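As structure tokens, the structure follows; a few thoughts come after it.
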Amino acid sequence: MENLIRLPSTRKSVRHFFFTRNELGQLLSLYASRVAAGEWRDYALDRHDDMAVFSIFRHTHERPLYSVSKTQRRGQKRPTFALFAGPKRLKSSSSLLDVLAVFEKLPRLVRS
């Protein structure tokens, strides 16, 4: 019993990083309106140690059309949101609403 090892002190502390309920609601609201218009068909949520990503797809087996990322580096008080179209960064802001406003300026699919 002399060599007692306390497991919590030896384990690596993992910081879970996600979208908040409010942020996810804003993302899904935009997604639902574009699905109803027939523009988007699928989405994916990914999580890394210091990043959460919401990816939007036109077809399930393709690369994402757009990705919205949320990052927060240690020491930052507020997270940073960014919108990507492939590897190209379209907008970066500390407000998710500012990033989502870019979708109003992007071209939309027109059906006749």
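The values are calculated or read from the model by the stated rules, or taken from the named source; none is laboratory data. Quick caveat, the model's predicted, so the values are computed rather than measured. Here the Cβ is made from the backbone with ideal geometry for all residues, glycine too, and neighbour counts use every protein chain on show. In case anyone asks, the SASA skips ligands and DNA or RNA and just uses the protein heavy atoms, side chains included. Shrake-Rupley method; radii C 1.70, N 1.55, O 1.52, S 1.80 Å.
Odds and ends about this structure:
- Of all the numbered requirements in (1) of a type outside the set (S, T, N, Q); (2) within 21 Å of Ser29 (Cβ to Cβ); (3) assigned to a loop (DSSP other than H, G, I, E, B), Leu83 misses one, and that requirement is (3).
- All conditions but one from (1) closer than 16 Å to Leu24 by Cβ; (2) assigned to a loop (DSSP other than H, G, I, E, B); (3) not polar (S, T, N, Q) apply to Lys77; the one that does not is (1).
- Members of region 16-42 found to be among the basic types (Lys, Arg) and within 17 Å of Thr80 (Cα to Cα), listed by number: Arg21
- Looking across region 62-79 at every residue that is charged (D, E, K, R) and either at pLDDT 95 or above or within 12 Å of Met51 (Cα to Cα) (or both), the one that is nearest to the chain's Cα centre (by Cα) is identified as Lys70.
- Within region 87-101, residues that are more than 20 Å from Arg63 (Cα to Cα) have Cβ atoms under 6 Å from residues that are part of a strand (DSSP E or B) and of a type outside the set (S, T, N, Q) in these pairs: Ser92/Ala82; Ser93/Phe81; Leu96/Phe81; Val99/Phe81; Val99/Leu83; Val99/Lys91, counting only partners at least 6 apart in sequence or on another chain.
- If the condition is being surrounded by fewer than 16 Cβ atoms within 10 Å (Cβ to Cβ), of a type outside the set (A, V, I, L, M) and on the phi < 0 side of the Ramachandran plot, then region 81-92 contributes Pro87, Lys88, Arg89, Ser92.
- Residues of region 5-47 satisfying the condition of being part of a loop (DSSP other than H, G, I, E, B), modelled with pLDDT of 70 or more and open to solvent by 100 Å² or more (accessible area, probe 1.4 Å): Phe18, Arg41
- Given (1) open to solvent by less than 60 Å² (accessible area, probe 1.4 Å); (2) part of a helix (DSSP H, G or I); (3) of a type in the set (D, E, K, R), index of the condition Lys70 fails: (2)
- Residue list for region 19-40, restricted to those being acidic (Asp, Glu) and closer than 16 Å to Leu96 by Cβ: Glu23
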